[in-house]
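One structure is given below, encoded as structure tokens.
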Amino acid sequence: NDGMMNKLALMSKLRHITGISKISECVDFTTEFLLSSDRKIVIFVHHQDVMKILEGNLNSWLKDGGYENSLVLHSGLNGNERSNLVEQFKNSNSRVMIASTLAAGEGLNLQFCSDAIILERQWNPANEEQVEGRFHRFGQENSVSITYMLASGTIDEFFTELVEVKRSIVAATLD
């Protein structure tokens, strides 16, 4: 159905534009976080160019502040490279990792880190839950803080509603 495909394409474009529009707030949030804590943080993004712009903006602030550059976990890395990057993040002075939501969803252990930002919402709640699951562990002492960055009056509101409705349907089905 052409009408449906056009709507999906438009929603996809709107999500992309919204992702780009949230970069400077994300940089502000991250810099506040770094200045007010000694913890590490992971920022999850969906689009490659959002990742690139965020990395550039963040690294210029990090460099000026005497911090290590952010590490970047993207979909071009194979499983070994992803694991090595996570180990590097765990054991180095790097305090920020930017990660592709889809590339980081499977099998990565980020339990040494308790803070994350989800910059771009996913259409499928399972993808976001997978990301949240990378941080949680049984018997955990530190609480995990995951910040969803939402731009009000944008497609973010639609996705948030969509994802929460899907989540409640899945929960009701499982009950």
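The values are calculated or read from the model by the stated rules, or taken from the named source; none is laboratory data. Treat the numbers as computed from the prediction; the structure is a model and nothing was measured. Here the Cβ is made from the backbone with ideal geometry for all residues, glycine too, and neighbour counts use every protein chain on show. We work out accessible area using only protein heavy atoms, side chains counted, and drop any ligands, DNA or RNA first. Shrake-Rupley method; radii C 1.70, N 1.55, O 1.52, S 1.80 Å.
Gly107: out of contact with any Asp or Glu (no Cβ under 7 Å at 6 or more places or on another chain) and free of Cβ contacts under 8 Å to residues at least 12 places away in the same chain, yes or no? Criteria not met by Gly107. Scanning segment 152-169 for residues that are in a helix (DSSP H, G or I) and either basic (Lys, Arg) or open to solvent by 90 Å² or more (accessible area, probe 1.4 Å) (or both) yields a count of 6. Remark: pairs (first residue in segment 28-44, free of Cβ contacts under 8 Å to residues at least 60 places away in the same chain; second residue open to solvent by 100 Å² or more (accessible area, probe 1.4 Å) and assigned to a helix (DSSP H, G or I); Cβ separation under 9 Å; 6+ apart in sequence or on different chains) are absent.
At least 3 residues being in contact with a strand residue (DSSP E or B) (Cβ under 7 Å, 6 or more places away or on another chain) and closer than 27 Å to Ser168 by Cβ is the threshold, and among the helices (runs of 4 or more DSSP H) wholly inside segment 47-137 those reaching it are 125-133. Here is the figure for segment 98-113: residues that are surrounded by fewer than 19 Cβ atoms within 10 Å (Cβ to Cβ), touching a Ser or Thr at 6+ places or on another chain (Cβ under 9 Å) and modelled with pLDDT of 80 or more total 3.
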